[in-house]
Every structure is written in C-alpha cells, then in structure tokens.
Amino acid sequence: MNHKIRVLVWSEFRHEKENPKVAAIYPQGIHETIAQFLRKEKDLEVATAWLDQPDHGLSEEILAATDVLIWWGHKAHGEVADSTVQMIKNHVLEGMGFIALHSAHYSKIFKALMGTTCSLQWRESTDKERLWTIAPSHPIAAHLPQHFEIPTEEMYGEPFGIPEPEELIFISWFTGGEVFRSGATWRRGHGRVFYFRPGHETYPTYHQPEIQRVITNAVHWARPTVRIPDTCPNAQPLEPLPHDAEAAERPKEGFR
Ligand code: ZN
C-alpha cells in the first residue's frame, strides 16, 4: 500500500459525558486519547467517530476508506444498529483490519466476527494487572518487555468464550489470582482481527506507554494487504473442455 494507513477510532463516548471521574481521565473521549497517540505516527492517517453521531459516524463510504477500525464500547452495545454491524463485518471479510478493545468483547460486531459467547468473569476493584508477552517475535509485541504492569485495572478472568485464537500474544495475571488471554488474533475472510483486553474507562490505561505501543503495533499489523469485494461468480473454463452435451443447457449467469 502506498497511501498512509487510514485508521478510524470509534467509541461510545457516553461514560465521559456522564461520569466526572471518566471525564477527568478522558476529557475529549477515549477515542480522542487513542487518536492522539496514533497521530504521532507519520504513516497513519487518523479519524474518529462515536455512537451518537448520525449513523454512529459510520457509512459505506467511510468504511471503504478505512484500513483499520478500532472499537471501544461498553454500556450501549445494543444501540449499535444491526445494519451497521453487518456493514462492518462485510468490510472485515473483504480485508479491513479490526481491533476490539476491552469491553468491546461484548460488542455486537466482535461477537458476530467470533461466532461465540465472548463471555468472561469480571471484577471492578483494586486489582493490579500484569501482562506477559508470550509471543515476543510477533509484530504486535515489538518493543515490549517480557512483562509489564497496569497499576490498577478491572479484572477479566477465564474462561473467555472466544474461538481458539490463531495467535496468542499476551496473557494477563491479576492480583486476585485470575488469568486471561488478553491479546489474541484471528483472521476473518481477508481481514485481520485483534482483541486487546486493558482499558476500563475509570483507569488511565490508554495514557500508559506500553498500552499505546501495543495498539500502535496492532494497527500496523492489521492493515489490509488486499481488499476483495465478495462475489460468487459462475466460472468459465480457462481451457477447452471435452465435449459436454449438456453444457449449452446449463445457466451461465447467477448459478450457485
Ligand atoms: Zn470495563
């Protein structure tokens, strides 16, 4: 690709308007904090969108011009229109990258891409989270230490109702004793999908350098290498076939 990687950072942008504690950490919204550190990368072109914009800030034109979509949702998954979910899913299958953050594990689009419950255990308390980089050669793990800590985070624990990850990059341990597959990848159609666990809205997680590094790496990893619209064509042979008496009677268009 010779153009910049076009990144769209989407979030609900509700907690920030309703909870002063969240607004103090993310005054312009979680999406804007993420966009700000991504904009430091010269090869990225970064835009934002949120739930309460017309059409949730998403359209065919916008998604067609998006290489990687980042998604943060929590309390309003059900308000995202099913038609929007289908539209995003189609673009992922055609090649668009998709990064689901934290409570986006329960978003309609992540569940649609996974096809499983995506359920987990959780606890909002005073846990410390220690992330272990278990695939240090993976591009998403570049420039990250063997392990790093988030001083306070919401706990997510196994079992996590996801399909077997194609690549597991991070595992988290929490003070309460739980563990969690916190950084995992899948391919869906031609698109690459990455789930990354940290990022509860009442903690300053997205201001932490290691977290910013993971998300930045993931954007580069998830960029499309192809973008192939879905078709299911009737194929004509490339070479002459042996005489086929019934060929003339078979439909040539629209046959499935
Ligand atoms: Zn949370």
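The values are calculated or read from the model by the stated rules, or taken from the named source; none is laboratory data. From a predicted model like this one, the values you see are computed outputs, not experimental measurements. Cβ placement follows ideal geometry from the backbone for every residue including glycine, while neighbour counts extend to all protein chains displayed.
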Task: Of residues in the range 111-144 being more than 20 Å from the chain's Cα centre (by Cα) and without any contact (Cβ under 8 Å) to a residue 24 or more places away in the chain, the one nearest to the ligand (Cβ to nearest atom) - done: 136
Task: Subset of the range 145-175 (residues that are among the β-branched types (Val, Ile, Thr) and either farther than 24 Å from residue 192 by Cβ or over 20 Å from the mean Cα position of the chain (by Cα) (or both)) - done: 150, 152, 175
Task: Residues that are part of a helix (DSSP H, G or I) and out of contact with any Cys (no Cβ under 8 Å at 6 or more places or on another chain), drawn from the range 102-142 - done: 102, 103, 104, 108, 109, 112, 113, 114, 139, 140, 141
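In the range 189-204, what residues are at positive phi and within 16 Å of the ligand (Cβ to nearest atom)?
Scanning the range 189-204 gives a single hit, 199.
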TODO: For residue 186, indicate whether it is away from the ligand (no atom under 16 Å from the Cβ), in contact with a Lys or Arg (Cβ under 7 Å, 6 or more places away or on another chain) and in a strand (DSSP E or B).
DONE: no
Open item on the list: Condition check: farther than 22 Å from residue 41 by Cα and either of a type outside the set (Phe, Trp, Tyr) or at pLDDT 95 or above (or both). Does residue 171 satisfy that?
Closed with: yes
